[in-house]
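Down below is the structure, laid out as structure tokens.
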Amino acid sequence: QVQFVESGGGLVQPGGSLRLSCAASLSIIRFYAMGWYRQAPGKQRELVAAVAGLTSGGRTTYADSVKGRFTISRDNAKNTVYLQMNSLKPEDTAVYYCNTNPPVPGRDDIWGQGTQVTVSS
């Protein structure tokens with residue numbers, strides 16, 4: 001089964017940038033729409049950015065809260081999805097995960113460990 005490994009998180013000051021990476025264990029993921037999700041303490045996990053699969057032109061969509069600041073991209077040759085985050089705000093603090101978009105129902109085991117992003121001065 002597919003596994004996702006997220007990396008690239010860290011502590012950054014407001015206004016700073018980070019680039020997250022998500023490596024998938026199976027190449028078939030290139031045909032699936034992928035998303036970056038985040039979960040802040042006490043809140044539900046939310047989708048912040050999505051990119052279409054190989055046969056759908058790589059179209060991207062963003063949550064209003066990150067539009068214009070975050071950019072999702074994918075390198076299908078490397079089975080990797082990226083999230084470039086600029087102009088970070090304290091409210092972006094969360095654990096960030098990648099998964100298919102939408103996630104496979106009933107397959108919570110597919111979620112990776114995530115990567116912590118903390119925006120603080």
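The values are calculated or read from the model by the stated rules, or taken from the named source; none is laboratory data. These numbers come from a predicted model, not from an experiment. Positions of Cβ are backbone-derived with ideal geometry, glycine not excepted, and every protein chain shown enters the neighbour counts. Each accessible area value is taken on the protein alone, full model and side chains, heavy atoms only, with ligands, DNA and RNA left out. Shrake-Rupley method; radii C 1.70, N 1.55, O 1.52, S 1.80 Å.
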Anchor LYS43: aspartates and glutamates whose Cα lies under 15 Å away (excluding residues fewer than 8 positions away in-chain):
GLU91, ASP92
Name the shape class, rounded, prolate or oblate, that the alpha-carbon gyration tensor gives for the range 41-82, where a ≥ b ≥ c are the square roots of its eigenvalues, rounded holds for a/c under 1.5, and otherwise prolate holds if a/b is larger than b/c and oblate otherwise.
prolate
According to the Kirkwood expression over distinct Cα-Cα pairs, how big is the hydrodynamic radius of the chain, in Å?
14.3 Å
Per residue of the range 78-93, in order, report the coupling 6.51 cos²θ - 1.76 cosθ + 1.60 (Karplus, θ = phi - 60°) as ³J(HN,Hα) in whole Hz, putting x for Gly and Pro.
9, 6, 10, 10, 10, 9, 8, 10, 10, 6, 5, 10, x, 6, 7, 4
Kirkwood Rh over Cα pairs of the range 20-89 into Stokes-Einstein at 37 °C, 0.692 mPa s: D in µm²/s?
260 µm²/s
Put one equal scatterer on each alpha carbon of the range 63-121, apply the Debye formula with no solvent term, and list log10 I(q)/I(0) at q = 0.21, 0.24, 0.29 1/Å to two decimals.
-1.03, -1.19, -1.29
Using a 1.4 angstrom probe and counting only protein chains, how large is the accessible area of PHE31 in Å², to 10?
110 Å²
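Probe radius 1.4 Å, ligands and nucleic acids ignored: give me the carbon and sulfur share of the accessible area of the chain as a rounded percent. Numbers along the way, then the final one.
Numbers: 3190 of 6440 Å².
C and S fraction of accessible area: 49 percent.
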I'd like to compare 103-114, 80-91, 12-23: which one has the highest average count of other Cβ atoms within 10 Å, and what's the full order after that?
80-91, 12-23, 103-114
Setting aside same-chain residues fewer than 8 positions from LYS78, which aspartates and glutamates have a Cα under 18 Å from its Cα?
GLU6
